[in-house]
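Reviewing the structure listed below.
Values quoted throughout were computed directly from the atomic coordinates according to the rules given, and no laboratory measurement underlies them. Because the structure is a prediction, the values reported are computed rather than measured.
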Amino acid sequence: MHDTVKQMAPTPYTLPDALPARLRAAREAAGWSQGKLAAAAKVRRQAVNRWESGKQTPSLASLEALCRALGTGWLTQETT
């Protein structure tokens, strides 16, 4: 039973170090303020500010909402 629980436990995710810069660039390319992005993603403007400054990392749900709002999935993709 315990082995099954371990297999089903969520695994931590990692984000590229460039996420804050990518998020800001995508928002600015859309011509949006932090407040407009926050409203579109249904998060607080202060959260967008913390994510763009690198002070905090968005949850997976928030990250998905940001990608939907911005119409992109490349915020977390590694580039070479």
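Global size of the range 14-73: 10.0, 28 Å for Rg and Dmax (C-alpha atoms, Rg to one decimal, Dmax whole). Between Asp17 and Glu64, residue separation times 0.36 nm minus the direct Cα-Cα distance comes to 15.2 nm.
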